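I have placed the structure first, in the form of structure tokens, so that the comments after it can refer back to it.
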Amino acid sequence: MPHPTRRSVLLFGTAGAAVALTALPRHSSAATKFRPGLVYAAGQKFDKSFNEGAFTGAERFTAATGVPVMEYLPASPAQFEQGVAALLRRGATDIAAVGFYYATALARLAPAHPAVRFTLVDAVAEGPNIRCVTFKEQEGAFLVGVLAALASKTGTVGFVGALDIPLIRKFIAGFEQGARHARGDIRVLVNFVGTTPAAFNDPTAGGEVARSQFQRGADVVFAGAGVSNFGIFAAAHDGRRLAIGVDSNQNYLYPGTILTSMLKRVDLAVDSGFRAAQRGSWSAGTVALGLADGGVDYAVDENNRALLTPAMLEAAEAARRGIVAGRIPVADGS
């Protein structure tokens, strides 16, 4: 078993995923000018989660290359085309869009701008100038499911998702499989914050759903609800229960309450996409990043290390090895 501190190294190990992202046939050579732009998911830029991961990737790219990344933060998904138009007016040659709900709009919009390279993160859209980066969320969720089940004292764990969509069902499927892999008798509760994308930005409702699971016996809850996670974490802290973060490392928000965070490397998708475009190796197509690529993982640091016993970490690492080797298949809930 790797020492827990290895997790900190793995969070920034991008080489494997960078190779995966450039393995498709190449697009045309890099343009003489290169001006990248980023359309965030609707909501908050510094959400300590999905959008902040995209921001981190853009900042890392700028720090390494000196090329600034133009940004657009929509108030709602309906403003996607408005955001793309704004970036194009500023001369964007490459646009990364992060958010599953942009797929349909991008498929409609991209043909009108054939010289622009679009990188869509978290969804799939077809087009010769569209690169799609998705994740095997079920694999990362499997590992945190193992940790949740082994940390539970009541034998009941929960998942609180933003809304019931295929993307969230990938998290649920992996979490349930991982929990039952670790403990065959575990009980898993599943509830949702809402029915529209607004559910990703409702901490009050998130806290209410979490409290209802705690009342039904859950003592560890996996929060997969964007900004709504803040309410889930607060409810766990107040109720002296445990929570699991998602997308970015959220352990520091409530040290001692957040068991771990399932990492989804949105930062890697954004950074690698821009670097590929700049050096002329950008390619259209779709790639899914999982444990083997460093695209998903779980976080261990000074804020949660005391919550994870060596036996728990060994179980999670054994599961990782089994998944990467193909010995443990993980269904995606589809």
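The values are calculated or read from the model by the stated rules, or taken from the named source; none is laboratory data. In this text the structure is predicted, and so the values were computed from the model without any measurement. Because the Cβ atoms are built from the backbone with ideal geometry, glycine has one as well, and the counts that use them run over all protein chains shown.
Of ARG90, ARG131, ARG117, all but one fail to be in contact with a Ser or Thr (Cβ under 6 Å, 6 or more places away or on another chain), farther than 30 Å from GLY178 by Cα and in contact (Cβ under 8 Å) with a residue 40 or more places away in the chain; the exception is ARG131. Within the stretch 200-216, identify whether any single residue is crowded, with 17+ Cβ neighbours inside 10 Å, in a helix (DSSP H, G or I), touching a residue at least 60 places away in the same chain (Cβ under 8 Å) and not assigned by TED's automatic domain parsing to the domain that holds TYR101, and answer yes or no. Looking through the stretch 200-216, at least one residue is crowded, with 17+ Cβ neighbours inside 10 Å, in a helix (DSSP H, G or I), touching a residue at least 60 places away in the same chain (Cβ under 8 Å) and not assigned by TED's automatic domain parsing to the domain that holds TYR101. Being of a type in the set (Asp, Glu) and at pLDDT 95 or above is a property that does not hold for ASP247. Residues that are surrounded by fewer than 24 Cβ atoms within 10 Å (Cβ to Cβ) and either within 16 Å of the chain's Cα centre (by Cα) or assigned to a helix (DSSP H, G or I) (or both) within the stretch 127-156 comprise CYS132, THR134, LYS136, LEU150, ALA151, listed in sequence order. Inspection of the stretch 255-266 identifies at least one residue that is more than 21 Å from ALA162 (Cβ to Cβ) and either of a type outside the set (Lys, Arg) or touching a residue at least 24 places away in the same chain (Cβ under 8 Å) (or both).
For the stretch 247-292, the set of residues classified as within 28 Å of GLY127 (Cα to Cα), of a type outside the set (A, V, I, L, M, F, W, C) and buried (at least 24 other Cβ atoms within 10 Å of the Cβ) consists of ASP247, LYS264, ARG265, ASP267, ASP271, SER272, GLY273, listed by residue number. Against the list (1) touching a Pro at 6+ places or on another chain (Cβ under 8 Å); (2) surrounded by fewer than 23 Cβ atoms within 10 Å (Cβ to Cβ); (3) in a loop (DSSP other than H, G, I, E, B), the condition GLU317 fails is (3). Within the stretch 157-178, the residues that satisfy the criterion of being surrounded by 23 or more Cβ atoms within 10 Å (Cβ to Cβ) and more than 17 Å from LYS136 (Cα to Cα) are VAL157, GLY158, PHE159, VAL160, ALA162. Among the residues of the stretch 278-305, just one is farther than 21 Å from LEU259 by Cα, part of a loop (DSSP other than H, G, I, E, B) and of a type in the set (A, V, I, L, M), namely ALA284. Checked against (1) touching a Ser or Thr at 6+ places or on another chain (Cβ under 8 Å); (2) crowded, with 19+ Cβ neighbours inside 10 Å; (3) without any contact (Cβ under 8 Å) to a residue 60 or more places away in the chain, LEU308 passes all but a single condition, namely (3). When the criteria are applied in full, VAL124 meets the requirement of being modelled with pLDDT of 95 or more, in contact with a Cys (Cβ under 8 Å, 6 or more places away or on another chain) and either assigned to a loop (DSSP other than H, G, I, E, B) or among the aliphatic types (A, V, I, L, M) (or both).
In the stretch 99-121, of all residues being at pLDDT below 95 and surrounded by fewer than 24 Cβ atoms within 10 Å (Cβ to Cβ), the one that is farthest from ARG169 (Cα to Cα) corresponds to TYR101. What number of residues in the stretch 182-199 are outside any strand (DSSP E or B) and under 12 Å from ALA162 (Cβ atoms)? The number of residues fulfilling the criteria is 7. The set of residues in the stretch 57-83 that are part of a helix (DSSP H, G or I) and charged (D, E, K, R) comprises GLU59, ARG60, GLU81.
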